[in-house]
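Have a look at the structure below, then the notes.
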Amino acid sequence: MTGAYYGRPADYAYFVGCSQGGGGHHALMEAQRYPDDYDGIVAGAPANYWIGLMTGELWAGLATTKDPAKDLPREKLPLLGAAVLDACDAVDGLEDGLIDDPRACDFDPGVLACAGADDADCLTAGQIAAARAIYAGPVRPSTGEQLFPGYPPGSEWFEAPDGRGGWGRYWSGITRPGGSAADFMRYSVFEDPDHELTQFDFDDDWVLANTRPLGAGADDTLGSALNATDPDLSAFKARGGKLISYHGWADALIPGSYAVEYYESVIAEQGGLDATADFYRLFMAPGVAHCRGGPGPDRFDAVTALERWVEDGVAPDRMVASKVVDGRVTRTRPLCPYPQVARHTDRGSIDDAANFACVAPD
């Protein structure tokens, strides 16, 4: 179409997306399976390990619905979120209302245990158990194998226009597991719209989710067709492709930890960080929810950064993100290529990206 209209083909082809359909999932699928399609790709919050993500969503949904005593009311999420922030905000050396890297956050919701009866300012034993399960993520009972990362501290609650930020959008205050996981498991895995998901077996049913054939005579399974986890991006690299991925550390739908796991698998495949950063860079965004939102600076221009990398050979060593409230920029902060992190220089406002440097983590 481009050639027909302009009389010549496009100079460059880019793919830009976030999350699942047409998003980060398919962006990484392009880089892995069709490396000649695009010169540059932006993969935001990729849902690229689809079976793992569906398993994790179901685990979190069952954590608050399988046992009525473990229902975690939405009105208690601010209490939980405030306790997490109190415990972990200053771990990076700066109290700024953001958790820089939740993996460094040592928090147990048991600190909010009710001394007596259930009350608005405490968590019951069942609510604590539910929160612990959501943080922990799904495991195989028979082996203890971690099937997918849990949801990070800092993803529990934030102000949202509909009042349902963080877990309140997905896991809290629900009456039964819903969303993508429930439909996927019922229709695609069990092929039964009435299947009782409370009986999901995180051993055998997880295996079935990966190995269910796509159809009669099909060679592909759900796992081989839908997962885009191949760390071998050598063909994409060899043809000069460039890839920028980003993920919010406060994402309550797709845990940012998996973006790091995938990136580190590519580093191992490439033989080191330098060989990977030549064509692929990951930017983790503190306090940012799924694709956008959350308390952290969530607006940044990955497309221009990608264009400069592809067309001018200038690799992005930082991207400046802004937090916009009521049309006004209230804070800027650099996003750094993983594993680097943004650290305040001890000079100037903590709300100005110019006063931060991208450095190796402590």
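Note down the net charge around Val314, summing +1 for each Lys or Arg and -1 for each Asp or Glu among other residues with Cβ under 15 Å from its Cβ. Don't skip to the answer; put the middle values down first.
Numbers: positive: Lys242, Arg281, Arg308, Arg318; negative: Asp39, Asp278, Asp301, Glu307, Glu311, Asp312, Asp317.
Cβ neighbours under 15 Å give a net charge of -3.
Under unit Cβ charges (Lys, Arg +1; Asp, Glu -1), what dipole magnitude, rounded to 20 debye, does the chain have relative to its Cα centre?
660
Please report the spacing between the Cα centers of the stretch 344-362 and the stretch 252-295 in Å, no decimals.
Comparing the Cα centres of the stretch 344-362 and the stretch 252-295, I get a distance of 21 Å.
Rounded, prolate or oblate: which one fits the stretch 226-307, using the alpha carbon gyration tensor with axes a ≥ b ≥ c (rounded when a/c is under 1.5, else prolate when a/b beats b/c, else oblate)? Show your work: numbers first, answer last.
Values: a/c = 2.27, a/b = 1.57, b/c = 1.45.
The shape class here is prolate.
So, in nm, how far is label Asp312 from label Leu94 when the simple model puts each one 7 Å beyond its Cα toward the Cβ?
Going by the 7 Å Cα→Cβ label model, 2.5 nm.
Dipole magnitude of the stretch 130-182 about its Cα centre, charges +1 at Lys/Arg Cβ and -1 at Asp/Glu Cβ only, in debye to the nearest 20?
That gives a dipole near 180 debye.
Taking R0 as 25 Å, what's the FRET efficiency between Arg176 and Asp108 from their Cβ-Cβ distance, rounded to 0.05?
Result of the calculation: an efficiency of 0.35.
Please give the length that would be gained between Asp37 and Asp326 if that part of the chain were fully extended, namely 0.36 nm times their separation in residues minus their C-alpha to C-alpha distance (nm, one decimal).
This chain segment gains 100.1 nm when fully extended.
Please give, to one decimal in nm, the separation of the simple spin-label points placed at Ala225 and Tyr5, each 7 Å out from Cα toward the Cβ.
Output for this residue pair reads 3.3 nm.
I need the shape label for the stretch 197-336. Rule: rounded when a/c is under 1.5, else prolate if a/b > b/c, else oblate, with a, b, c from the alpha carbon gyration tensor. Before the final figure, lay out the partial values.
Numbers: a/c = 2.54, a/b = 1.38, b/c = 1.85.
Verdict is oblate for the stretch 197-336.
List the residues, sorted by chain then number, that are 5 or more residues from Gly166 or on another chain and whose placed amide H is less than 5 Å from its amide H.
For Gly166, the qualifying residues are Phe158.
Among Ala275, Ser349, Pro297, whose Cα projects farthest towards the positive end of the dipole of the stretch 240-362, with charges put on the beta-carbon of Lys, Arg (+1) and Asp, Glu (-1)?
So the residue we want is Ser349.
So if I take the centroid of the Cα atoms in the stretch 106-147 and the same for the stretch 1-50, what is the distance between those two points in Å?
40
Which FRET efficiency value, to the nearest 0.05, do you get for Ala357 and Asp274 by plugging their Cβ-Cβ distance into 1/(1 + (r/R0)^6) with R0 = 30 Å?
0.90
Which entry in [x] 24.6; [y] 21.6; [z] 22.3 matches Kirkwood radius over Cα pairs in Å derived from the coordinates of this structure?
The value computed from this structure is option [y].
If you average the sequence gap of Cα pairs under 8 Å that are 6 or more apart and divide by the length of the chain, what percent do you get for the contact order?
17
Which residue, chosen from Gly126, Thr330, Ala31, occupies the Cα position most advanced towards the positive end of the dipole of the chain, where the dipole is computed from +1 (Lys, Arg) and -1 (Asp, Glu) charges on Cβ about the Cα centre?
The Cα lying farthest towards the positive end belongs to Thr330.
With charges set only on the Cβ (+1 for Lys and Arg, -1 for Asp and Glu), what does the dipole of the stretch 1-142 come to about its Cα centre, in debye to the nearest 20?
Dipole of the stretch 1-142, to the nearest 20 debye: 740 debye.
To the nearest 500 deg cm²/dmol, what mean residue ellipticity at 222 nm is calculated for the chain from DSSP H runs of n ≥ 4 alone, each contributing -39,500 (n - 2.57), summed and divided by the residues?
-8500 deg cm²/dmol
If you take the charge dipole of the chain about its Cα centre, with +1 on Lys and Arg Cβ and -1 on Asp and Glu Cβ, which of Trp167, Pro102, Tyr6 is farthest toward its positive end?
Among Trp167, Pro102, Tyr6, the one farthest towards the positive end of the dipole of the chain is Tyr6.
If the cut-off is a Cα-Cα distance under 29 Å, which lysines reach Lys323, setting aside same-chain residues fewer than 8 apart in sequence?
Lys76, Lys242
Antiparallel DSSP bridges in the chain: what percent, to the nearest 5?
Values: 15 of 32 bridges.
If I count the DSSP bridges inside the chain, around 45 percent turn out antiparallel.
Coordinate-derived values only; no laboratory data. Source: prediction; values computed, not measured. Virtual Cβ from ideal backbone geometry, glycine too; neighbours counted across all protein chains shown.
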